[in-house]
1. Evaluate the Kirkwood expression for the hydrodynamic radius of region 81-208, namely the inverse of the mean inverse distance over all pairs of different C-alpha atoms, and round to one decimal in Å.
2. Percent antiparallel among DSSP beta bridges with both residues in region 1-83, to the nearest 5?
3. Assign unit charges at the C-beta atoms only (+1 for Lys and Arg, -1 for Asp and Glu), then state the dipole size of region 98-147 relative to its Cα centre in Debye, rounded to the nearest 20.
4. Taking only protein heavy atoms into account and a 1.4 Å probe, give the accessible area per residue of the chain in Å².
5. Given +1 on the Cβ of Lys and Arg, -1 on the Cβ of Asp and Glu, and no further charges, what dipole in debye does region 4-300 carry about its Cα centre, rounded to the nearest 20?
6. What value, in deg cm²/dmol to 500, does the helix sum -39500 (n - 2.57) over DSSP H runs of n ≥ 4 give at 222 nm once divided by the residues of the chain?
7. Of the cross-linked pairs LYS68/LYS93; LYS145/LYS283; LYS155/LYS283; LYS93/LYS159; LYS40/LYS93; LYS159/LYS225, which ones have a Cα-Cα span greater than 31 Å in the structure shown?
8. Among 271-283, 14-26, how do they line up by average Cβ neighbours within 10 Å per residue, starting with the highest?
Amino acid sequence: MSKNFLAIGECMVEMAPTGEGTYAMGFAGDTLNTAWYARKCLPADWSVGYYTAVGNDQVSGQMLDFLKGSGIDTGSVRRLENRTVGLYMIQLKDGERSFAYWRSQSAARRLAEDAGDLENALAGAGLVYFSGITLAILPPEDRRKFLNALRTARKAGTKTAFDPNLRPRLWEDADTMRSCVTEAAGLCDFVMPSFEDELAHFGDTDANVSASRYLEAGAGMVVVKNGPEEVICATADSRHAFQPQPVRNIVDTTAAGDSYNAAFLAEFLTSGDLVASVDAGAKLAGTVIQHRGALVAECFEPA
Ligand code: ADP
């Protein structure tokens, strides 16, 4: 397998409050978070790339500089005139976080408009990682191009991994979300949902039901995360439940699932050992949630 992990989706500017009326600018987004953690977890002989579309403006350039500075290859990113990147602002009220988004016109929505660009970006990838948010932001005709490009890449030997990350507000309607997510899952070697989303939007009664539903759709392996509860790992002929270590001091659960996916996949792609992969996922996610923010460099610093 080619040692190249390619994540596809939308990275946004993040404005996080630092005081009364002041904000720090950062960059984040579900698939970018996973790419960032994958870069930290994979050995140096793997490359990690990110495919998206950005503008030609200064902030888009800063985003690419941030990705490159994190060791992520941006060589195939599309640059569009008269567009820019999406943005979200974190607001704090009585200690509770809420999010305001400006992303409806973001460049990333056009990441799949050119089927040739997309197929070139996917060509030679060992693993392609994307999410339900990657699909949700695309115009319907571009979702078809995206799924076709995945089919082509798989025929050439690329593995595929998908976190459904169900966000109905980003989709035109919930039925479209469910059918498109199910179709995408059927094209994937790894489907890595969070049970909370599956309960809310598919009405699954427990994590085993989610695993069976995605296996029936055609997924190779399903890994259902469920906060502090057991993770279910299922294939057509095996099923195991793994209990994550309890975490006492939870500070911020942002990117728990994104980091879990990265550590799990990095271990599975390099060793093929399921128990080690589940341990790696739970260990990293368990550390991430003890820190504030999505991208936690402290997880990788020697104690
Ligand atoms: P998401 O961020 O996608 O909602 P989950 O909440 O399901 O993801 O969590 C992903 C993983 O993070 C879990 O499988 C577990 O390993 C770890 N995790 C999350 N919350 C907790 C918790 N309260 N205690 C221990 N581990 C947790």
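The values are calculated or read from the model by the stated rules, or taken from the named source; none is laboratory data. Note that this is a predicted model, so its numbers are computed, not measured. Here the Cβ positions follow ideal geometry from the backbone for every residue, glycine too, while neighbour counts run over all protein chains shown. Quick note on the areas: whole protein, heavy atoms, side chains included, nothing else; ligands and nucleic acids left out. Shrake-Rupley method; radii C 1.70, N 1.55, O 1.52, S 1.80 Å.
1. By the Kirkwood definition, the hydrodynamic radius is 16.0 Å.
2. Values: 7 of 17 bridges.
Taking every DSSP beta bridge within region 1-83, about 40 percent pair in antiparallel fashion.
3. Working: 6 positive and 6 negative charges, 45 e Å.
For region 98-147, the charge dipole is close to 220 debye.
4. Details: 13490 Å² over 303 residues.
Per-residue accessible area for the chain comes out at 45 Å².
5. Details: 27 positive and 38 negative charges, 93 e Å.
Around 440 debye, computed over region 4-300.
6. Values: 10 runs with 115 residues, N = 303.
-11500 deg cm²/dmol, from helical runs alone.
7. Working: LYS68/LYS93 34 Å; LYS145/LYS283 36 Å; LYS155/LYS283 34 Å; LYS93/LYS159 42 Å; LYS40/LYS93 33 Å; LYS159/LYS225 21 Å.
Violating the 31 Å limit, Cα to Cα: LYS68/LYS93; LYS145/LYS283; LYS155/LYS283; LYS93/LYS159; LYS40/LYS93.
8. Numbers: 271-283: 17.6, 14-26: 12.2.
Descending mean neighbour count gives 271-283, 14-26.
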